[in-house]
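Have a look at the structure below before the remarks.
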Amino acid sequence: MKELTSTVISNRQIASNTYLLSLECEMDPYIPGQFVMVKAPSPGAFLRRPLGIMELKEGVLALLYKTRGEGTIALSMLKEGEAISVMGPLGNGFRIEDEAQAVYIAGGIGLPPLLSLYNKIKKGNFLIGARSEEDIPFDYIPARAEIATEDGSVGHKGLVTDILSGMNLKKPNIIYACGPVAMLKKVADISRHMNIPCQVSLEERMACGFGVCAGCVVKTVSGNKSVCALGPVFNAEEIIW
Amino acid sequence: MKHAQLAVDLGRGLVLKNPVMNASGTFAYGEEFSRIIDLNMMGGIVTKGLSINPKEGNPTPRVAEAASGMVNAIGLENVGIEKFLKEKLPFLKGFNTPVIVNFFGNSEEEYVLMAEKLSVDGIAALEMNVSCPNVKKGGIQFGRDPEVLGELVYSVRKKTEKPLIVKLSPMSSDICRMAASAQEAGADALTCINTIPAMVIDEKTKRPVLGNITGGLSGPAIKPVALKIVWDVSRHVGIPVIGAGGIASHKDAIQFFLAGASAVQVGTQLLVEPFCLPGIIEGISGYLSDHGITGLKEICGKLEI
C-alpha cells in the first residue's frame, strides 16, 4: 500500500449517478477485486472512500463510482488537472481460475471489480442487475452481457439472480459476484445448490481500509474478518449470511 | 541551532524518545502499520484495548461519518490477553519503542487480574481504559464516579509495578475530581480524552447508522473539547497528562502541549492518513527549534493568557 497524489485526467458521467474517474497514478499492479481509498475534496467528507479498481493501465487508474452522499458528490465535482490522494491497492482480490468458464454477477455498484476481472479473463457470462436502464453504463460493459432491471426498462424484468437460477447455460465452473448483500446471499445460495465455487466481493462501511480499526468486519465460519484487509473477496461458503 | 530534546518522562521509568504515540484502537497490534511506517520512530505504541477473553465486538455498521470526525461502535473487538501475549507481543517487542497495553475489564477483579497478567517483560506500561462508551458493563461506568475510579485504580496499582496510565472519559460531571482521584490512587499519568458518546441518524431510512445505535465521536470535531479538558486537568493534578482527541498535525500537538499535555496520542487521523506520524514528530521538532525551545518541558502548560 502506498499513498499517492494523483492528477485527474477526466471525470465524467457515464450513467445515472454513475461517474468514471481517470487518474494519472503510479500505483503498484493490482489484482481485480482490490480497491483504493480516496480522499474526497470536501470538508464534509472526513473518511476516505473505498472504490473498487476498474482498470490500471499505463499509469492511468480508472474508478467507477455512484454518487451517494457528500463524499461521492464531492468526487463527482473533481475537474481535470486537480489532485486527489489515493491509497492502494488494498485488500485481497479475486482468485482467478485460469480455465474459468465463469459467470460474473454484478449488482448496482458491484460492477467495477467484475469488469476488471472480466477484462482480464475475457471469458464467461456477464450478468448485470440494476434498477433501471439509465443506471447502466452501456459503453463499458461486455457486449454480450445479460441484463436484469427491476423496472424492466431493459433486459429481464426482475432480479439478476433470476437469470442465474434460470440459466440454460453450460454449468459454470465458478461464480464471481459483487453487489448488495441481499443479492450476494441469493447468489451464495444458488451456487451452493448448484455445487459451484463462488467468490463474493463484499461491501461494508470502512474507516481505515487496511485492517487496523476493525470497523468493517464480517462474520465468517472462522470468526470476524476485516472486509478491507482479509477481503473484500471471500469464498461465499465462508460467510455467515 | 541545537535540535530540541523531544524525550519525555511520563513517570515510573516510562521515558519516551518523543511525545507522539498512537491512540488505542487505531493501530490494532502494530503489524499493519509496521509495513508502512517505521515503528521505531514512534514515542510509544499503544495496543488495541484488551480484555481477559477475546471479544467479538458490536454488529456492523460500526463506523459512521460525522462533521470533521467519525462515530465508531467497534465494541472493543480484540484477541484477548492470552493470544496477545503469545502472538502479538513478541512482534511488538522487536521494536525499539515502549509498548503500552490498553486494557479494560467488566469488573474490578478482571481489571486486577489483567494488570497482573500484563506485568511481564516487553510491556512498558499499562493504560487502563475506564471510559469506552461502547461496552455495556464496566467501561464508562468506572469512569464516571471518582470514588469508584479511585478504588479501581488503587486495586490495580497494588498488583503491578508497571507505569499505570488512566484514560479518562470526557463524560464526567467533574473530570478534575476524577483525575485527582486517579492520581491519589496511584496513577502515574492520565490520558485525556476518550471518545464522546454520540450517534448518527440516516433520515432517509429513519434508522441509526450504527448497528449499536450509538457510538463514540472522535477526530478533529472533538479537539476543542479535549484541549479544554487537558487544560483543566493538567493544572489540577501533579502527574503527566497525555493529550488525545482530534490531533491531526504537529500544530494540534503543540496546542495540546501549551494546554498542559506532556505527550500526545494520534488516533482517528491515522485511519485517514496512516503515513502522518513521522511528519507530526518532525513538525514538533521543527516548531521547538524555530522557537528556541530546547526541551518539551519548556512548552508544557505554557499557554499565555
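The values are calculated or read from the model by the stated rules, or taken from the named source; none is laboratory data. Note that the structure is a prediction, hence the values are computed from the model and not measured. All Cβ positions, glycine included, derive from the backbone under ideal geometry; neighbour counts span all protein chains shown. Ligands, DNA and RNA are stripped out before the accessible areas are found, and what is left, the full protein with its side chains, is counted by its heavy atoms. Shrake-Rupley method; radii C 1.70, N 1.55, O 1.52, S 1.80 Å.
Listed by first and then second residue, the pairs with beta-carbon distance under 6 Å, at least 6 apart or on different chains, first residue in the stretch B:264-291 and within 14 Å of chain A (Cβ to nearest Cβ), second charged (D, E, K, R) and open to solvent by 10 Å² or more (accessible area, probe 1.4 Å), are B:F275/A:E3.
The residue that is farthest from A:R68 (Cα to Cα), counting only those in the stretch A:24-42 that are touching a strand residue (DSSP E or B) at 6+ places or on another chain (Cβ under 8 Å), within 14 Å of another protein chain (Cβ to nearest Cβ) and surrounded by fewer than 18 Cβ atoms within 10 Å (Cβ to Cβ), is A:D28. Determine if the stretch A:11-23 includes at least one residue that is surrounded by 15 or more Cβ atoms within 10 Å (Cβ to Cβ) and on the phi > 0 side of the Ramachandran plot. Among the residues of the stretch A:11-23, at least one is surrounded by 15 or more Cβ atoms within 10 Å (Cβ to Cβ) and on the phi > 0 side of the Ramachandran plot, which makes the answer yes.
Is the stretch B:114-122 home to any residue that is in contact with a Leu (Cβ under 8 Å, 6 or more places away or on another chain) and within 14 Å of chain A (Cβ to nearest Cβ)? No, every residue in the stretch B:114-122 fails to be in contact with a Leu (Cβ under 8 Å, 6 or more places away or on another chain) and within 14 Å of chain A (Cβ to nearest Cβ). Residues in the stretch A:203-241 that are within 14 Å of chain B (Cβ to nearest Cβ), open to solvent by 20 Å² or more (accessible area, probe 1.4 Å) and within 18 Å of A:I105 (Cβ to Cβ): A:E203, A:W241. For the stretch B:42-59, taking the residues that are touching a helix residue (DSSP H, G or I) at 6+ places or on another chain (Cβ under 9 Å) and not hydrophobic (A, V, I, L, M, F, W, C), the one that is farthest from the other protein chains (Cβ to nearest Cβ) is identified as B:G43.
Can A:E97 be described as assigned to a strand (DSSP E or B) and among the acidic types (D, E)? Taking the combined requirement at face value, the residue does not satisfy it. Of the numbered criteria (1) buried (at least 22 other Cβ atoms within 10 Å of the Cβ); (2) of a type in the set (G, A, S); (3) free of Cβ contacts under 8 Å to residues at least 40 places away in the same chain, the one B:G246 fails is (3).
B:G246 meets the conditions (1) away from chain A (no Cβ under 14 Å); (2) within 19 Å of the chain's Cα centre (by Cα) in every case but one. The failed one is (1). Pairing residues of the stretch A:120-146 that are more than 14 Å from A:L164 (Cα to Cα) with residues that are open to solvent by 20 Å² or more (accessible area, probe 1.4 Å) and aliphatic (A, V, I, L, M), at Cβ distances under 6 Å and at least 6 apart in sequence or on separate chains, gives A:E133/A:V154; A:P137/A:I14.
Of the residues B:K297, B:K251, the single one that is modelled with pLDDT of 95 or more and either surrounded by fewer than 23 Cβ atoms within 10 Å (Cβ to Cβ) or not in a helix (DSSP H, G or I) (or both) is B:K251. As for the stretch B:215-235, it holds at least one residue that is basic (K, R), assigned to a helix (DSSP H, G or I) and closer than 30 Å to B:G13 by Cβ.
Can you name every residue in the stretch A:200-229 that is out of contact with any helix residue (DSSP H, G or I) (no Cβ under 7 Å at 6 or more places or on another chain) and of a type outside the set (A, V, I, L, M)? Of everything in the stretch A:200-229, those that are out of contact with any helix residue (DSSP H, G or I) (no Cβ under 7 Å at 6 or more places or on another chain) and of a type outside the set (A, V, I, L, M) turn out to be A:E203, A:R205, A:G215, A:K219, A:S222, A:G223, A:N224, A:K225, A:S226, A:C228. Within the stretch B:155-179, the set of residues being open to solvent by less than 10 Å² (accessible area, probe 1.4 Å), farther than 16 Å from B:P240 by Cβ and either charged (D, E, K, R) or out of contact with any Pro (no Cβ under 8 Å at 6 or more places or on another chain) (or both) comprises B:V156, B:T160. The residues in the stretch B:14-41 that are assigned to a loop (DSSP other than H, G, I, E, B) and away from chain A (no Cβ under 14 Å) can be counted, and the count is 5. Of the numbered conditions (1) out of contact with any Leu (no Cβ under 8 Å at 6 or more places or on another chain); (2) within 17 Å of A:S10 (Cβ to Cβ), A:R95 satisfies every one except a single condition; which is it? Just one mismatch for A:R95, condition (2).
Within the stretch A:60-92, the residues that satisfy the criterion of being small (G, A, S) and either open to solvent by 20 Å² or more (accessible area, probe 1.4 Å) or closer than 23 Å to A:G215 by Cβ (or both) are A:G69, A:G71, A:A74, A:S76, A:G81, A:A83, A:S85, A:G88, A:G91. Filtered by the rule that a residue be part of a strand (DSSP E or B) and within 17 Å of the chain's Cα centre (by Cα), the stretch A:59-85 gives A:L61, A:A62, A:L63, A:L64, A:Y65, A:K66. If you check B:E127, B:E82 for being out of contact with any His (no Cβ under 9 Å at 6 or more places or on another chain) and open to solvent by 20 Å² or more (accessible area, probe 1.4 Å), only one passes: B:E82. Scanning the stretch A:147-186 for residues that are buried (at least 22 other Cβ atoms within 10 Å of the Cβ), among the aliphatic types (A, V, I, L, M) and without any contact (Cβ under 8 Å) to a residue 40 or more places away in the chain returns a single hit, A:A148.
In the stretch A:102-135, what residues are surrounded by fewer than 22 Cβ atoms within 10 Å (Cβ to Cβ) and assigned to a strand (DSSP E or B)? Of everything in the stretch A:102-135, just one residue is surrounded by fewer than 22 Cβ atoms within 10 Å (Cβ to Cβ) and assigned to a strand (DSSP E or B), namely A:N125. When A:D98 is tested against (1) open to solvent by 60 Å² or more (accessible area, probe 1.4 Å); (2) modelled with pLDDT of 95 or more, exactly one condition is not met: (2). Looking only at the stretch A:186-225, which residues are among the acidic types (D, E) and either in contact with a strand residue (DSSP E or B) (Cβ under 8 Å, 6 or more places away or on another chain) or within 29 Å of B:V79 (Cα to Cα) (or both)? Within the stretch A:186-225, A:E203, A:E204 qualify. Selection of the stretch B:186-222 for residues being open to solvent by 10 Å² or more (accessible area, probe 1.4 Å), within 22 Å of B:V166 (Cβ to Cβ), away from chain A (no Cβ under 13 Å) and not acidic (D, E) yields B:G186, B:N194, B:I196, B:P197.
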